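Here is the structure we will look at, set down as structure tokens.
Any read-out appearing in this document is the output of simple, stated calculations on the displayed coordinates, not a laboratory observation. Everything numeric here is computed off the predicted structure, so don't read it as measured data. Neighbour counts run over all protein chains shown; Cβ positions are idealised from the backbone, glycine included.
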């Protein structure tokens, strides 16, 4: 339940930041995205029946770590070359 409210609050903060003109690459946009998306994953994983809480938390931590690395070290111009290599 707490993850649901954390995700809701973070998504509202993210929406407010984007609507008021905060640059998308700023921390005021990137970190609320990380928290809201990982909270969404945590809420979904814990709602599944038959899984242990320890496994749910490990999945959530892994998703949060992948997103944090992606947000910190990847830029859109670098991702474009990974998926669409330049023409020879």
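Counting only Cα atoms, the size of the stretch 2-83 along its three principal axes is 41, 31, 16 Å, in decreasing order. Computed FRET efficiency, Cβ-Cβ of residue 61 and residue 31, R0 25 Å: what is it to the nearest 0.05? Once the sixth-power term is evaluated, E becomes 0.95. In this label model, residue 54 and residue 68 are separated by 2.2 nm, measuring between points 7 Å along each Cα→Cβ vector. Ranked by how many other Cβ atoms sit within 10 Å of their own Cβ, fewest first, the residues 38, 52, 10 fall in the order 52, 10, 38.
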